[in-house]
Amino acid sequence: MSERTYFGGKDEFLSLGKEEEAEFIPIIADEDEDSIIAMEIPENLPILPLRNTVLFPGVLFPISVGREKSIKLIREAYKSGKIIGAVSQIDSKIEEPEQKDLYTTGTVAKIIKILQMPDDSTTVIIQGRKRFVLNEIITDEPYHIARVTALEEVKPPVKDEEYDALIGSLKELSMKIIQLSSHIPSEAAFAVKNIENASFLINFICSNSNLPVEEKQKLLEISDLKTRSSRLLEHLTVEVKKLELKREIQSKVKTEIDKQQKEFFLHQQMKTIQEELGGNPVDQEIKDMKARAKKKVWPEEISQTFNREVEKLQRLNPAAGEYSVQLNYLTTLLELPWNEYSEDKLDLNIAQKVLDEDHYGLEDVKERILEHLAVLKLKGNMKSPILCLYGPPGVGKTSLGKSVARALGRKYVRVSLGGLHDEAEIRGHRKTYIGAMPGRIIQNIKKAKTSNPVFILDEIDKVGNDYKGDPSSALLEVLDPEQNNAFYDNYLELEYDLSRVMFIATANNISTINPALRDRMELINVSGYVVEEKIEIANRHLVPKQLENHGLKPKDIQLNKKALELIIQDYTKESGVRELDKKIAKLIRNIAKQIAFEKEYNKKPDIEELKEILGPPDYIKEKYEGNSIAGVVTGLAWTAAGGDILFIETSLSRGKGKLTLTGNLGEVMKESAVIALEYIKAHASFFELDPETFDNWNIHVHIPEGAIPKDGPSAGITLAVSLASAITQRKVKKGIAMTGEITLRGKILPVGGIKEKILAAKRADIKEVILPAANKKDVEKINNIYLKGLTFKYVETVMEVFEYSILKK
């Protein structure tokens, strides 16, 4: 038997027997449509379950029969010439289907031929006639017999233009599918062209379309031929789009392959020409890289990796995209300073001199650097410390890194971490990605050309995180002395030793740093400067720097101590010296303009001349406001820009005991005010107050500068004293400021930012400061220059504060 497969794998015609005496069986029923419509179906009909196919009226195709019941059914039906019912199975895996496993709509079939195949399997040629509904299976033996009801096709009117258009479209799309499909012979188009009956054409295309059984069954269940043809058109449209896309992709792939073959051929020709002319530049490049590699003093593992990757590079086509990726990777390996270290300057006196020249003050940091140098001098080799300098802006944290590098004789590199939110910025990207590169750590080590630079991690407190990862977690490995001797970069896919890099991180606020990261660093507080220190810094560093920047000489202008003090107090309000530097620059620019215009000017400007150049004062100096009004108390606060003073005002008015808090206060500060008031109520007898007093007076607490948010517990004792002073109408002691947290039992708890708060008190001409007793240790660590002119009162309870600070009537 020979079989020709047309139109999606089904037969256009079947040829039975030998070629010279073949029996041809048509694919479409040879009766006319009217005879099929008039065909009567018996009430009870033998049922043949079909697997993976659906039989449509008028269509003929072969099926393989294997189940005993099915074989028995077709043999009896073929012998007697009876018709059978063909119904598709819902699940083709079921061997013995019951009624629930069959669809309810099937097709009456006539058995045309039974064929015994060489492998002893049985193939049956069946022809669909008419649809029916399977109502009930009445017996399963010797095969399924069911009670059925005939279904009639609903045909559109004879001259229905829309229906005719649908049929035309179905033919057109079918022809297009035959044209686009490589596995369908072009002869299949003959079948479609020559089917003139519209209903037979619809059923023929439904049967042969590349649709799942479920979709074909849905089409079979549609009685209205117009609706069935419309639904079929939708499926064919999708199929055409898929085939067009498939052909387009295949065309692009073929074009690309042809292009690559052409490039390879041209490359081979070019290679031959270059060899004739005296050498291939690609080979020369690889040769140079190997020569550089021989000079590198790198670990054996790195050497093996390099050799392996070079061999891979030699196998690649230089025109391929992967070639440049591989070349960049090898170049990075060669440029990294594996086991290359700069020699440290171990003369401690010179190191201390360099540190003192570059920065005034900052004794703690300088001491720690000198300690490291001392141990390095004695031991010869040690892991570098990982320092974190934290403090307000402009105090010299970042510039200190350059000074440390100069003192040690090391290279200096800096990376800003502010706003960093991608972990790959630290660890690098895998080299398989387009545009991949090492992380910032390895990039800067390559830039430094030494494996032991001073490495500044600037603004480490401003590292972010998002869906791309958490950079602060990636920094844990970088800043852990126990791990960073084997830092793994995703781009290198190798370990790099960072243990001899001196990492110095800078931050304004350490509370925002990842706790695990903070634990790995030595924290050194770089606090603000007092006026005397700022004057010294201006004379030693800022004025000479600005003179050089503006092309002036020291003789062109001389600023005395009073002039600098005026600039510091009236034109700046900061813990550092950044704003001071800008004001000095403005002053020197004005002098440069006078010199350029060849005008006469005073080389030693007095106070009035300075005000004329710099304009009206930018800031009113923070001054103690006095104790003339009960309820007004001076507190001390910490800000990101250093220390500051704040005034707490309390007033009373007739009312029902309501407490009002204003001044843009945070929740913690509001809670401190409530605690303070409740404590005073509980101890009314101490102030000789009638408890009913609190029910007859409203209390209003206000902290000026309402545009600035304020929060924290350190204003607790200041709020308590302000409330007590207002309620008792007893004034507060003159020239005093305070800070400390209170509890409901009246205990005073320690607070932070003591040095910054003390500097704020000095700037405001305050003479006495009340502090928690637990903060005494913090004051003892502070240099005496900052404490000069101040008296400290250490307290443990609120009662001590009341007795010391509130005057008698």
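The values are calculated or read from the model by the stated rules, or taken from the named source; none is laboratory data. Just so it is clear, the structure is predicted and the values come from calculations on it, not from any experiment. Methodologically, a virtual Cβ is constructed for each residue, glycine included, from the backbone with ideal geometry; neighbour enumeration extends over all protein chains shown. All accessible areas refer to the heavy atoms of the entire protein, side chains included, with ligands and DNA or RNA removed. Shrake-Rupley method; radii C 1.70, N 1.55, O 1.52, S 1.80 Å.
Brief remarks follow.
- Residue check for Ala596: exposed (fewer than 13 other Cβ atoms within 10 Å of the Cβ), on the phi < 0 side of the Ramachandran plot and modelled with pLDDT under 85: no
- Some residue of segment 64-84 being open to solvent by 20 Å² or more (accessible area, probe 1.4 Å) and under 59 Å from the mean Cα position of the chain (by Cα): yes
- Lys383 being farther than 30 Å from Gly753 by Cα, charged (D, E, K, R) and not in a helix (DSSP H, G or I): yes
- Meets criteria (in contact with a Gly (Cβ under 9 Å, 6 or more places away or on another chain), among the small types (Gly, Ala, Ser), in contact (Cβ under 8 Å) with a residue 12 or more places away in the chain and under 28 Å from Asp34 (Cβ atoms)) for Ser207: yes
- Wholly enclosed helices (runs of 4 or more DSSP H) of segment 710-809 bearing at least 1 residues at pLDDT 90 or above and buried (at least 19 other Cβ atoms within 10 Å of the Cβ): 716-728, 798-805
- If only residues of segment 477-494 that are surrounded by 14 or more Cβ atoms within 10 Å (Cβ to Cβ) and farther than 11 Å from Arg427 by Cα are counted, the one that is modelled with the highest pLDDT is Leu494.
- Residue tally, condition in contact with a strand residue (DSSP E or B) (Cβ under 7 Å, 6 or more places away or on another chain) and open to solvent by 60 Å² or more (accessible area, probe 1.4 Å), over segment 93-112: 3
- Tyr341 vs. criteria over 36 Å from the mean Cα position of the chain (by Cα), open to solvent by 50 Å² or more (accessible area, probe 1.4 Å) and either aromatic (Phe, Trp, Tyr) or closer than 18 Å to Val454 by Cα (or both): no
- Matching residues in segment 658-671 - criterion: being modelled with pLDDT under 90 and open to solvent by less than 30 Å² (accessible area, probe 1.4 Å): Gly663, Leu665, Gly666
- The listed residue being farther than 30 Å from Lys242 by Cβ, at pLDDT below 85 and either open to solvent by less than 70 Å² (accessible area, probe 1.4 Å) or not hydrophobic (A, V, I, L, M, F, W, C) (or both), out of Ser186, Ser182, Ser121: Ser121
- Being open to solvent by less than 70 Å² (accessible area, probe 1.4 Å), among the hydrophobic types (A, V, I, L, M, F, W, C) and at pLDDT below 85 is not true of Ala146.
- The set of residues in segment 149-172 being among the hydrophobic types (A, V, I, L, M, F, W, C) and open to solvent by less than 30 Å² (accessible area, probe 1.4 Å) consists of Leu166, Ile167, Leu170.
- Residue that is nearest to Pro471 (Cα to Cα) [pool: residues in segment 412-436 that are touching a residue at least 60 places away in the same chain (Cβ under 8 Å), open to solvent by less than 60 Å² (accessible area, probe 1.4 Å) and in a loop (DSSP other than H, G, I, E, B)]: Gly428
- Scanning segment 672-702 for residues that are in contact (Cβ under 8 Å) with a residue 60 or more places away in the chain and open to solvent by 70 Å² or more (accessible area, probe 1.4 Å) gives Glu678, Phe686.
- The one condition in (1) part of a helix (DSSP H, G or I); (2) in contact with a Ser or Thr (Cβ under 9 Å, 6 or more places away or on another chain); (3) surrounded by 16 or more Cβ atoms within 10 Å (Cβ to Cβ) that Glu357 fails to fulfil: (3)
- Selection count where residues are of a type in the set (A, V, I, L, M) and open to solvent by 10 Å² or more (accessible area, probe 1.4 Å), scope segment 437-464: 2
Each row is one residue, and each column tells you yes or no for (1) more than 30 Å from Asp606 (Cα to Cα); (2) open to solvent by 10 Å² or more (accessible area, probe 1.4 Å); (3) at pLDDT below 85.
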position: Asp466; (1), (2), (3): yes, yes, yes
position: Leu498; (1), (2), (3): yes, no, no
position: Asn509; (1), (2), (3): yes, yes, yes
position: Pro515; (1), (2), (3): yes, yes, no
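- Figure legend. Inter-residue proximity from segment 242-266: first residues closer than 27 Å to Ile178 by Cα and open to solvent by less than 80 Å² (accessible area, probe 1.4 Å), second residues acidic (Asp, Glu) and in a helix (DSSP H, G or I), beta-carbon distance below 9 Å, spacing 6+ or different chains. No pairs are indicated.
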